[in-house]
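Structure, as structure tokens:
Bear in mind that the values in this text are calculations on the coordinates, not laboratory data. All values derive from a computational prediction rather than experimental measurement. Because the Cβ atoms are built from the backbone with ideal geometry, glycine has one as well, and the counts that use them run over all protein chains shown.
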């Protein structure tokens, strides 16, 4: 296949990939490499997708943060996932600063605890440890987790209002 045909095929495959969900430039790059396209074809395809705004790491980062945030994840985990997706750290830091605040995260932690901890369940240190580890894996900051668990413990062991 000549370069013109390979470029057209790569563009069609990349567009089909992007119809499922937004992707980072690195994800599309790796996808096309796995499909066996040469680096020159991959680069031209990426340039073309960026030119037509089909591939935009800033937009992808915003959408990804909102999606993961709504699924109950904290900024530490989301930052790590974005780095793994090849997003530039400057873009990540800017979007994190714009979309996260300690007060917002604290309220989300409280909501998660309310959902996860049954009010009829007896209080125990083991319960707090399990919830703490769960929240830590979700990417929330230690100080917010500790503050929320202390408040949980002090408020008759639940958040029901």
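Relative to the longest principal axis of the chain, what angle (0 to 90°, nearest 10) does the C-alpha long axis of helix 125-137 take?
For helix 125-137, the angle is close to 20 degrees.
At 222 nm, what helix-only mean residue ellipticity would the chain give, in deg cm²/dmol to the nearest 500, using -39500 (n - 2.57) for each DSSP H run of four or more?
Using -39500 (n - 2.57) per qualifying helix, the result is -23000 deg cm²/dmol.
Report the per residue volume, in Å³, of the convex hull enclosing the C-alpha atoms of the range 57-99.
Convex hull of Cα atoms, per residue: 57 Å³.
Measuring from label point to label point, each 7 Å out along Cα→Cβ, what is the residue 116 to residue 101 span in nm?
2.4
On alpha-carbon atoms, Rg over Rh for the chain using Kirkwood Rh?
Computed over Cα atoms, the ratio is 1.17.
Sorted by average packing, counted as other Cβ atoms within 10 angstrom per residue and highest first, what order do 92-98, 9-15 take?
Descending packing order for the listed peptides: 9-15, 92-98.
Between residue 83 and residue 146, with labels modelled 7 Å along Cα→Cβ, what's the label distance in nm to one decimal, could you check?
2.3
Please identify which residues in the range 14-31 have an amide N closer than 18 Å to a label point set 7 Å out from the Cα of residue 91, following the Cα→Cβ vector.
14-15, 17-31
Of 49, 129, 144, which has the largest mean-square fluctuation in a 10 Å C-alpha GNM of the chain?
129
Hey, any idea what the orientation-averaged projected area of the convex hull of the range 3-51's Cα atoms comes to, in nm²?
One quarter of the hull surface, i.e. the mean projection, equals 3.0 nm².
Which of 101, 132, 24 ends up with the largest GNM mean-square fluctuation for the chain, with Cα atoms connected below 10 Å?
Looking only at 101, 132, 24, the largest GNM fluctuation is found for 101.
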